[in-house]
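Some notes on the structure that comes next.
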Amino acid sequence: MAHSDPITLYTCATPNGFKISITLEELGLSWFLKLNPNGRLPAITDGKTRVFESGAIMLYLVEKYDSERKISYAPEDTPGYLEQLSQAHHFAGFAPVRSDWVIQRYVDETKRLYMVLNTRLGESPYVAGEKFTIADIASFCWVRASPNLLDFNLDDWPAIRKWYDSIMERDTVQKALNIPTPAMIEAQFAAIVAGKRKEMLERKNADSK
């Protein structure tokens, strides 16, 4: 399905943010970035429609715009469709309180998931079967962050390494990974700081009355 008005993307340089920029690039949709220092990220507006949460956004985009099923399976394409939904694994965020036990448990669980993913990719070229889909995009964005976040070496999982390298070679992915630009990240951070300062000042003024 074609669209006339550009989609607005509110994002930041995180795995969840890159999921959306890659999906948009893969679908060839026209879109632009907008800073949103106080809202939940990532998010999109498409006309009067607003969608939050990376998984919901990806499903919305392919259900509305991927009529050719370039990066998705249709509901009738069982079992591909079910694999697409179930295989897009994700990882928990950072714990609010540091705990070596929690961190170790998180790392161990992530390694277990990597073993599952490695086995899966040893059986098929992509996460949900024979073609590249949003399940690969969702998984790739977190796998890309793991060497820095968890000190993982992807060479320990040969099938994941092969899959990862093939995705990194996609022109759409290379373009999407440079969004937002460093200048936009800096502007976004400055806007967040300014907003927090304003909030603190207003609270201080209210308390002094």
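Quick notes on this one:
- Between Thr45 and Lys204, the contour length at 0.36 nm per residue exceeds the alpha carbon distance by 53.8 nm.
- Environment charge at Gly47 (Cβ cut-off 12 Å; Lys +1, Arg +1, Asp -1, Glu -1): +1
- Taking a straight line from the alpha carbon of Lys34, these lysines sit under 20 Å away, with near neighbours fewer than eight places off in the same chain left out: Lys19, Lys48, Lys175, Lys196.
- Taking amide H atoms as placed 1.01 Å from N in the peptide plane, the amide H of Trp31 lies under 5 Å from those of Ile7, each 5 or more residues away in sequence or on another chain.
- Other residues with beta-carbon under 9 Å from the beta-carbon of Ala159 carry, at +1 per Lys or Arg and -1 per Asp or Glu, a net charge of +2.
- For the range 116-123, 3J(HN,Hα) computed residue by residue from phi via the Karplus equation (6.51, -1.76, 1.60; θ = phi - 60°) reads 5, 5, 4, 5, 4, 6, x, 9 Hz, glycine and proline entered as x.
- Packing, as the average of other Cβ atoms within 10 Å across residues, places the peptides 124-137, 44-57 in the order 124-137, 44-57, highest first.
- Theoretical gain in end-to-end length, Glu68 to Asn178 [0.36 nm per residue, Cα-Cα removed]: 37.0 nm
- Reachable aspartates and glutamates, given that their alpha-carbon falls under 17 Å from the alpha-carbon of Lys198 and they are not under 8 places away in the same chain: Asp207
- Sorted peptide list for 61-68, 14-21, criterion being average Cβ within 10 angstrom, highest first: 14-21, 61-68
Throughout, read-outs are computed from the coordinates displayed, never taken from laboratory work. Just so you know, these numbers come straight off a predicted model, no measurement behind them. Neighbour counts are summed over all protein chains in view; Cβ atoms, including those assigned to glycine, are modelled from backbone coordinates with ideal geometry.
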